[in-house]
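Only the coordinates and a few stated rules stand behind these numbers; no lab work does. Because the structure is a prediction, the values reported are computed rather than measured. Here the Cβ is made from the backbone with ideal geometry for all residues, glycine too, and neighbour counts use every protein chain on show.
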Amino acid sequence: MDATDYLRFVFAFIFVMSLMGLLAYVLRRYGKGRFNVARNNRLSVIEVRAIDARHRLALVKCDEAEHLLVLGPDNQIVVQSNIKSGATPS
């Protein structure tokens, strides 16, 4: 192998990596919404707070009700269920 083969390899490698980068950019820029047209957004995470290093408090919305969860490495606990969306605690 001579220098022209190495040079050809380097240019081909740069070309292929550029094409991959361009494809990633196009998919990131224009891919949202185009492939997920029939998406139903019934479930969403409203807020997550850390309780300690291993546990999190999460407010999750499903349809029109919100659920308060404690998430840990070993278990998940429902603290309060069927909270009306936007309701203030009394």
Quiz item: Which FRET efficiency value, to the nearest 0.05, is calculated for Ile77 and Ile46 with the Förster distance at 25 angstrom and r the Cβ-Cβ distance?
Solution: 0.90
Practice problem: Per residue of region 14-22, in order, report the coupling 6.51 cos²θ - 1.76 cosθ + 1.60 (Karplus, θ = phi - 60°) as ³J(HN,Hα) in whole Hz, putting x for Gly and Pro. | Solution: 5, 5, 5, 5, 5, 4, 5, x, 5
